[in-house]
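The values are calculated or read from the model by the stated rules, or taken from the named source; none is laboratory data. On a predicted model such as this, the values are computed, not experimentally measured, just so you know. All Cβ positions, glycine included, derive from the backbone under ideal geometry; neighbour counts span all protein chains shown. Just the protein is used for accessible areas: all its heavy atoms, side chains included, with ligands, DNA and RNA removed. Shrake-Rupley method; radii C 1.70, N 1.55, O 1.52, S 1.80 Å.
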Amino acid sequence: MSVEFTADDYAARMRHTVDSATAAGLAGVLVGIGPDLSWLTAYKPTAVTERLTLLVLTPDRPPTLVVPALERPDAAAAVGAGALTLVDWADGNDPYQSVAPLLRSGGRYGISDSTWAMHLIGLQKAVPGSSYEALSDCQPMLRAIKDEHELARLAAAGAAADAAYGEILGVRFAGRRETEVAGDLASLLRKFGHEQVDFTVVGSGPNGANPHHEAGERVIQEGDAVVLDFGGLLDGYGSDTTRTVAVGSPSDEVREVHEIVRRAQQAAFEAVRPGVACEEIDWVARQVIRDAGYGEYFIHRTGHGIGVTTHEPPYMVAGEKQPLVPGMCFSIEPGIYLPGKFGVRIEDIVTVTADGGRRLNNTDHGLGIVA
């Protein structure tokens with residue numbers, strides 16, 4: 001059972017956000033409906049409409065949540081509401097005039113990526129001279145370092161995904177459509193506690209050469225390599241794991257490519273430790289695959305952060321200089337994709353520890369064999 005977050009936890013997150021913004025030279029942070037808002041306040045509107053909801057975090061006043069009047073009771077019931085001042089606006093009034101007194105002309109604000117463009121334009125008109133930068137640019141690591149309770153939730157989500165993989169190995173693949181196996185995976189994720197299934201990639205045979213192939217109507221055949229990439233949310237935090245299986249007896253080529261990807265994944269994991277640049281994790285995995293002669297077939301970054309969403313900073317990709325910090329959580333998922341033939345990917349979620357890394361997925365990295 002996970003530990004519930006308290007009003008004090010959300011207040012601390014908001015204080016941290018203000019301090020980080022101030023250190024970055026920002027006048028404050030504005031957060032619309034989306035994952036940043038729920039992470040900061042626990043407030044998730046039951047209906048997402050065109051009405052403005054905006055959290056205003058600045059160093060000169062208490063955190064303020066501007067909400068439509070009809071949604072004020074729901075906002076007041078959120079766990080983090082005790083640390084908030086609520087300001088409501090009524091239909092027929094200009095919501096941006098409720099925000100304008102909280103901002104200053106000439107101020108530079110970070111604004112959540114999920115904020116609608118119409119609201120950003122409204123703010124620009126209401127507060128002349130103000131400017132805005134996407135949080136993914138000016139505060140990309142805002143949610144990147146997880147506390148012990150967040151790590152526990154991520155570990156539980158990873159364990160549930162591992163349990164789903166353990167059971168899918170006993171399911172028949174040959175003669176069934178990819179969509180049927182994807183449905184089995186979704187059911188298993190829910191069986192093991194996920195409240196939300198975000199994706200169930202089942203890429204069989206040549207479809208596995210497309211990293212983001214959506215399960216289709218192809219009938220899985222004896223001898224196919226099948227990429228299984230699946231995940232979602234458990235208790236509000238994400239899972240995301242990939243294993244590759246073979247239906248019946250795999251070919252020598254499938255075995256060879258799988259072993260290269262396994263070595264790349266292991267090498268990248270062993271490179272994880274505080275202070276190492278994110279791009280170094282990508283380079284280590286990529287170098288193993290390049291040395292084996294398959295460099296051109298590794299066509300995506302090595303990893304992405306995970307938390308209340310399944311894709312968030314930090315990213316393990318060339319050019320990302322951000323050093324790893326204990327508490328960061330991200331995927332390590334190298335792959336090789338041979339067009340017209342098959343693909344192989346192996347993915348674990350990893351967290352940075354004081355002296356290295358810890359996997360949050362612990363199923364066997366070997367080539368799984370299914371019927």
On Cα atoms only, tilt of 252-270 relative to the major axis of the chain in degrees: 40 degrees
Can you tell me the 0 to 90 degree angle between the C-alpha axis of helix 148-168 and the longest principal axis of the chain, rounded to 10? 30 degrees
Of 342, 199, ordered by accessible area with the largest first and a 1.4 Å probe, the sequence is 199, 342
Rounded to whole Hz and in sequence order, give me ³J(HN,Hα) for segment 119-132 from the Karplus expression 6.51 cos²θ - 1.76 cosθ + 1.60, θ = phi - 60°, writing x for Gly and Pro. 6, 4, 5, x, 5, 4, 6, 6, 10, x, x, 6, 9, 9
Sequence of 243, 172, 290 when ordered by accessible area, the most exposed leading, probe 1.4 angstrom: 172, 290, 243
Calculate how large, on average over all directions, the projected area of the Cα convex hull of segment 207-326 is; give the answer in nm² to one decimal. 8.7 nm²
Okay, which of segment 295-325 sit inside 16 Å, backbone N to the point 7 Å along the Cα-Cβ direction of residue 2? 306-312
Karplus (6.51, -1.76, 1.60) ³J(HN,Hα), θ = phi - 60°, over segment 28-38, in Hz, Gly and Pro reported as x: x, 10, 10, 10, x, 4, x, x, 5, 5, 5
The chain: angle of helix 7-23 to the longest principal axis, Cα-based, in degrees nearest 10: 80 degrees
Once R0 is set to 25 Å, what does the formula 1/(1 + (r/R0)^6) return for the Cβ-Cβ distance between residue 235 and residue 134, expressed as a FRET efficiency to the nearest 0.05? 0.35
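Of all the accessible heavy-atom surface of the chain, with the other protein chains kept in place and a 1.4 Å probe, what percent is carbon and sulfur?
Numbers: 7720 of 15010 Å².
Answer for the chain: carbon and sulfur cover 51 percent of the accessible area.
Run the dipole for segment 120-190 about the Cα centre, Lys and Arg Cβ at +1, Asp and Glu Cβ at -1, nothing else charged, and hand back the magnitude in debye, nearest 20.
On the way: 8 positive and 10 negative charges, 50 e Å.
Around 240 debye, computed over segment 120-190.
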Largest first and to the nearest Å, give the Cα extent of segment 74-173 along each principal axis. 61, 32, 32
Note down the relative contact order for the chain as a percent, whole number, built from C-alpha pairs under 8 angstrom at least six residues apart. 15 percent
Please report the antiparallel percentage of the DSSP beta bridges confined to the chain, to the nearest 5. 75 percent
Starting from the amide H of residue 177, placed 1.01 Å from N in the peptide plane, find each other amide H under 5 Å away whose residue is 5 or more places distant or on another chain. 220
Evaluate the Debye formula for the chain with equal point scatterers sitting on the alpha carbons, no solvent, and hand back log10 of I(q)/I(0) at q = 0.09, 0.10 Å⁻¹, in q order, two decimals. -0.57, -0.69
State, as an integer percentage, the relative contact order of segment 81-137 based on alpha-carbon contacts under 8 Å between residues 6 or more apart. 38 percent
Which stretch or stretches of segment 45-59 have amide N atoms under 16 Å from the point lying 7 Å from residue 93's Cα along the Cα→Cβ direction? 51-54
Run the helix sum for the chain: -39,500 (n - 2.57) per DSSP H stretch of 4+ residues, divided by residue count, reported at 222 nm to the nearest 500 deg cm²/dmol. -9500 deg cm²/dmol
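Can you pull the Rg over Rh of segment 1-103, Cα-only, Kirkwood?
Numbers: Rg = 13.4 Å, Rh = 13.9 Å.
Here Rg/Rh amounts to 0.96.
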By accessible area (1.4 Å), largest first, 141, 118 order as 118, 141
Selection from 211, 323, 122 lying farthest towards where the dipole of the chain points positive, charges on Cβ: 122
Candidate lysines - alpha carbon under 29 Å from residue 146, same-chain residues fewer than 8 apart omitted: 44, 191, 321
Quick one: which of 96-107, 223-234, 49-60 comes out on top by average Cβ neighbours within 10 Å, and what's the full order, highest first? 223-234, 49-60, 96-107
So how exposed is residue 247, as accessible area in Å² (1.4 Å probe, rounded to 10)? 0 Å²
Percent relative contact order for segment 232-296, counting Cα pairs under 8 Å at least six residues apart, stands at 25 percent
Assuming R0 = 22 Å, can you tell me the calculated FRET efficiency for the pair residue 277 and residue 354, based on Cβ-Cβ distance, to the nearest 0.05? 0.75
The chain accessible area per residue, 1.4 Å probe, protein heavy atoms, integer Å², reads 40 Å²
Distance in nm between label sites at residue 49 and residue 171, each 7 Å beyond Cα in the beta-carbon direction? 3.9 nm
